[in-house]
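First the structure, in the form of structure tokens, and then the observations on it.
The values are calculated or read from the model by the stated rules, or taken from the named source; none is laboratory data. None of these values were measured; they are calculated from a predicted model. Because the Cβ atoms are built from the backbone with ideal geometry, glycine has one as well, and the counts that use them run over all protein chains shown.
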Amino acid sequence: MNFKDFYVYYLTQHKNRYTRRWHFTGTTLAILFLIAAFVTRNWNFLWGVPLSGYGLAWISHWWFEKNNPASFKNPILSFRADMKMYYEMIVGRITF
């Protein structure tokens, strides 16, 4: 499956606004943990990257969407799709 087709599928797995909000929050926290690790040189912050990024997203799928995260099937395309969805939420193409 190419990325364009996967992204269409990915968006169908994120219809609930709360799922998108939890994804956005998790991705934002992951970015902040990554920045904190490099700024402070405290590599323990790196534990927060996957825990917040994936943790909040996965929980939101089970609670709100009632589905399994796309990252279980295709983690690479899923990560790319999440970054694209994150960007599209920031610029207003996708609602929170």
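Quick notes on this one:
- Summed over segment 14-39, residues that are touching a residue at least 60 places away in the same chain (Cβ under 8 Å), under 10 Å from the mean Cα position of the chain (by Cα) and buried (at least 19 other Cβ atoms within 10 Å of the Cβ) total 3.
- Test: residue in segment 74-84 that is without any contact (Cβ under 8 Å) to a residue 12 or more places away in the chain and surrounded by 12 or more Cβ atoms within 10 Å (Cβ to Cβ): yes
- Residue, farthest from the chain's Cα centre (by Cα), within segment 40-76, restricted to residues that are among the basic types (Lys, Arg) and farther than 24 Å from residue 95 by Cα: 41
- Taken over segment 1-12, the residue count meeting the criterion of being surrounded by fewer than 17 Cβ atoms within 10 Å (Cβ to Cβ) and in contact with an Asp or Glu (Cβ under 9 Å, 6 or more places away or on another chain) is 0.
- Unique match (being at pLDDT 95 or above, within 19 Å of residue 74 (Cα to Cα) and either touching a Ser or Thr at 6+ places or on another chain (Cβ under 6 Å) or not charged (D, E, K, R) (or both)) among 3, 24, 45: 3
- Of the residues making up segment 40-63, those that are without any contact (Cβ under 8 Å) to a residue 40 or more places away in the chain and either small (Gly, Ala, Ser) or within 17 Å of residue 83 (Cβ to Cβ) (or both) are 48, 49, 50, 52, 53, 54, 55, 56, 57, 58.
- Selection within segment 32-68 - under 21 Å from residue 11 (Cβ atoms) and either touching a Leu at 6+ places or on another chain (Cβ under 6 Å) or β-branched (Val, Ile, Thr) (or both): 59
- In segment 85-96, of all residues being closer than 18 Å to residue 12 by Cβ and free of Cβ contacts under 8 Å to residues at least 12 places away in the same chain, the one that is surrounded by the most Cβ atoms within 10 Å (Cβ to Cβ) corresponds to 88.
- Filtered by the rule that a residue be hydrophobic (A, V, I, L, M, F, W, C) and either at positive phi or in contact with a Phe, Trp or Tyr (Cβ under 8 Å, 6 or more places away or on another chain) (or both), segment 64-96 gives 64, 70, 77, 81, 85, 89, 96.
- Scanning segment 61-96 for residues that are within 19 Å of residue 17 (Cβ to Cβ) and touching a Pro at 6+ places or on another chain (Cβ under 9 Å) turns up 61, 62.
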